[in-house]
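Chemist: Below is a structure I'd like to ask you about.
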Amino acid sequence: FFLRVGSPLAELMAAADAVAAGDLSVRVGESGHGNMARLTRRFNRMTAELARTEQARRNLTADVAHELRTPLQIIQGNLEGALDGVYEPTPEHLRATLDETRRLARLVGDLQTLSLAEAGQLPLHRREVVAADLLEDVATRFAGAAAETGVVLKVTPNDDSPILLVDPERLEGVLSNLTANALRHTPAGGHVTLSAAAVAGGAALAVADSGEGIAADELPFVFDRFWRGDRSRGRTAGAGLGLAIARQLVLAHGGTIEVSSAVGQGTTFSIFLPLK
């Protein structure tokens, strides 16, 4: 009995000590039967999840540092050039420096929004709004950009549009982000369609485009922080926080957001929101 129980337990205790000391790579041999076997499997799952979380934290730190470095270098270079007399601080140089400070402010603001949403502390100011009205507002905002790029932007008519109890500004931000992405990756002659419909238990909103699509191996990562696909979502898309924030805002409303896509055929982002 001691060999059957005591030895695995000693190994588990030693592994726990290793984890406490910071070694997240440790695993316990999954041998034995009954409760001890279940315990070792759960311990291994726990350490694997801890390792994944720690790697994500390191990646986030590196990504934030990378995103901050570029605008800071531009600001520093512009100011040093002006102070050293390399060039006169013309309005053009000052505007370029100001643009970089605004970029920094947006990044910091996005990080704050994402952090609050993930912690469940983002305040929502809910009120009733007709889904179709929200979509029309977004379409109006991007009508000029769509016309410039030769993309047809439309809202699917719905005489029985659902009434949502949401924070209109937050949800409009989500839809605006999805629409901007769709327009950015849809070539001239394509179309972007916004739609809303009542479904069982709630409302379904969608932003669909006929653009270049997202590769299947990239789809699982589209809502990750700082994700930018090499082909379908290039660096021009910004810092890579938009979809991560969109997902957290939808979750804050008690809803879900999903993406379906095929390369060369387009992409559809689907949002489900409960009516209550």
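Chemist: Using the Cα centre of segment 88-170 as origin and beta-carbon charges of +1 (Lys, Arg) and -1 (Asp, Glu), tell me which of ALA131, GLN121, THR156 is placed farthest towards the positive end of the dipole.
Modeler: GLN121
Chemist: Now, a different point. Give the residues of segment 37-65 whose amide nitrogen is closer than 19 Å to a point set 7 Å from the Cα of LEU12 in the direction of its Cβ.
Modeler: Flagged as within label range: 37-50.
Chemist: Quick check: pseudo-label points 7 Å beyond the Cα along Cα→Cβ at ASP23 and LEU68, how many nm apart are they?
Modeler: 3.4
Chemist: Lys/Arg Cβ at +1, Asp/Glu Cβ at -1, dipole of the chain taken about the Cα centre: which of ALA82, LEU275, ALA65 is farthest positive-ward?
Modeler: LEU275
Chemist: Run the dipole for segment 141-276 about the Cα centre, Lys and Arg Cβ at +1, Asp and Glu Cβ at -1, nothing else charged, and hand back the magnitude in debye, nearest 20. Can you show the working numbers first?
Modeler: Values: 11 positive and 13 negative charges, 56 e Å.
It comes to approximately 260 debye.
Chemist: Between ARG57, ARG141, ARG27, where does the largest GNM mean-square fluctuation fall for the chain, given springs only between Cα atoms within less than 10 Å?
Modeler: For the chain, modelled as a Gaussian network with Cα springs under 10 Å, the answer is ARG27.
Chemist: Once you charge only the Cβ atoms, +1 for Lys and Arg and -1 for Asp and Glu, what is the size of the charge dipole of the chain about its Cα centre, to the nearest 20 debye? Intermediate results must be reported in sequence, preceding the final value.
Modeler: On the way: 27 positive and 33 negative charges, 190 e Å.
My answer is approximately 920 debye.
Chemist: Measure off 7 Å from each Cα along the Cα-to-Cβ vector at SER270 and LEU116, then give the distance between these two points in nanometres to one decimal.
Modeler: So the label points at SER270 and LEU116 sit 3.1 nm apart.
Chemist: Under the Karplus relation 6.51 cos²θ - 1.76 cosθ + 1.60, θ = phi - 60°, what is the ordered set of whole-Hz ³J(HN,Hα) values for segment 179-188, x standing for Gly and Pro?
Modeler: Per residue, the Karplus-derived 3J(HN,Hα) values read 5, 4, 4, 4, 5, 5, 10, 10, x, 4 Hz.
Chemist: Report the extension gain between GLU88 and THR149 in nm, rounded to one decimal, defined as 0.36 nm multiplied by the number of residues separating them, less their alpha carbon distance. All intermediate terms of the calculation are to be shown ahead of the outcome.
Modeler: Numbers: separation 61, 0.36 × 61 = 21.96 nm, distance 3.65 nm.
My answer for the length gained is 18.3 nm.
Chemist: Suppose the chain between LEU165 and ARG58 were pulled fully straight at 0.36 nm per residue; how much longer would it get relative to their current alpha carbon spacing? Don't jump to the answer; show the numbers that get you there.
Modeler: On the way: separation 107, 0.36 × 107 = 38.52 nm, distance 3.74 nm.
Contour length minus the Cα-Cα distance gives 34.8 nm.
Chemist: Roughly how big is segment 6-130's charge dipole about its Cα centre, with Cβ charges of +1 (Lys, Arg) and -1 (Asp, Glu), in debye to the nearest 20? List each step's numbers first, then the result.
Modeler: On the way: 15 positive and 17 negative charges, 152 e Å.
Its charge dipole is roughly 720 debye.
Chemist: Which one of SER25, PHE142, LEU98 is farthest out on the positive end of the charge dipole of the chain, using unit charges on Cβ (Lys, Arg +1; Asp, Glu -1) and the Cα centre as origin?
Modeler: The one lying farthest along the dipole's positive direction is SER25.
Chemist: Carbon and sulfur atoms: what percent of the 1.4 Å accessible area of the chain do they account for? Please report the intermediate quantities before stating the final value.
Modeler: Values: 8740 of 15770 Å².
Whole-percent figure for carbon plus sulfur exposure: 55.
The values are calculated or read from the model by the stated rules, or taken from the named source; none is laboratory data. The structure presented is a predicted model; accordingly, all values stated were derived computationally and were not measured. With ideal geometry, Cβ positions are generated from the backbone for all residues, glycine too; neighbour counts draw on all protein chains shown. Areas reflect the complete protein model, heavy atoms only, side chains present, ligands, DNA and RNA absent. Shrake-Rupley method; radii C 1.70, N 1.55, O 1.52, S 1.80 Å.
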